[in-house]
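J.: Following this message is one structure expressed as structure tokens.
Read the figures in this text as sums done on the coordinates, not as results from a lab. Nothing here was measured: the structure is a model prediction, and the numbers come from that model.
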Amino acid sequence: MLQKILPDLAFMGLALGLLVESRGIKNPGFDLLGPAFLPQVILVGIIMFSAISILTQYLENRGGLQDELAMPSEPTSASSSGESAQASIAKVLILFGMLLAFVWSIYNQITQFELSGALFLFASMTFLSGMGWGVLIRNGIVAIVLPLVLGMLFRNYLYINLP
């Protein structure tokens, strides 16, 4: 079990160390939250998700999550479903190409973050999860709402204008 939770423990320890170190960042008084706010929020998130992962690993080892997760008897991973390693590499390369197109469109200011983010999210989620009306509707809602909420949060509360 220690091998499974070792990366989580390492990330948690690194995040705790950086969180303690970030407390020394001085606020020059330019803004209300200060320059240490965003790193501290990210580090607290890393600590929380590492703790959740450790707890999940512990419960799986103890057998407590078997009923709730209802593990199927047949494995459903990509390698067991007949998908070759070449097809998996092709998927990764296609997703990497989508990510490069997303970053390139924002960097060259071709589109705004909200539009580029929505297109990238919808394309990548649909590519990974397959087709179907329910899946397409869910992907569309997430792809529209998430970039809009992130753009509003950054613009109105963090005072950072995304490209």
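J.: Would you mind calculating the gained length between residue 42 and residue 141 on full extension (0.36 nm times residue separation, minus the Cα-Cα distance), in nm to one decimal? Could you put the intermediate results ahead of the total?
T.: Details: separation 99, 0.36 × 99 = 35.64 nm, distance 2.51 nm.
Length gained, residue 42 through residue 141: 33.1 nm.
J.: Please work out whether segment 93-155 counts as rounded, prolate or oblate from its C-alpha gyration tensor, where a ≥ b ≥ c are the square roots of the eigenvalues and a/c under 1.5 means rounded, while otherwise a/b larger than b/c means prolate and anything else oblate?
T.: Details: a/c = 2.87, a/b = 1.25, b/c = 2.31.
Oblate.
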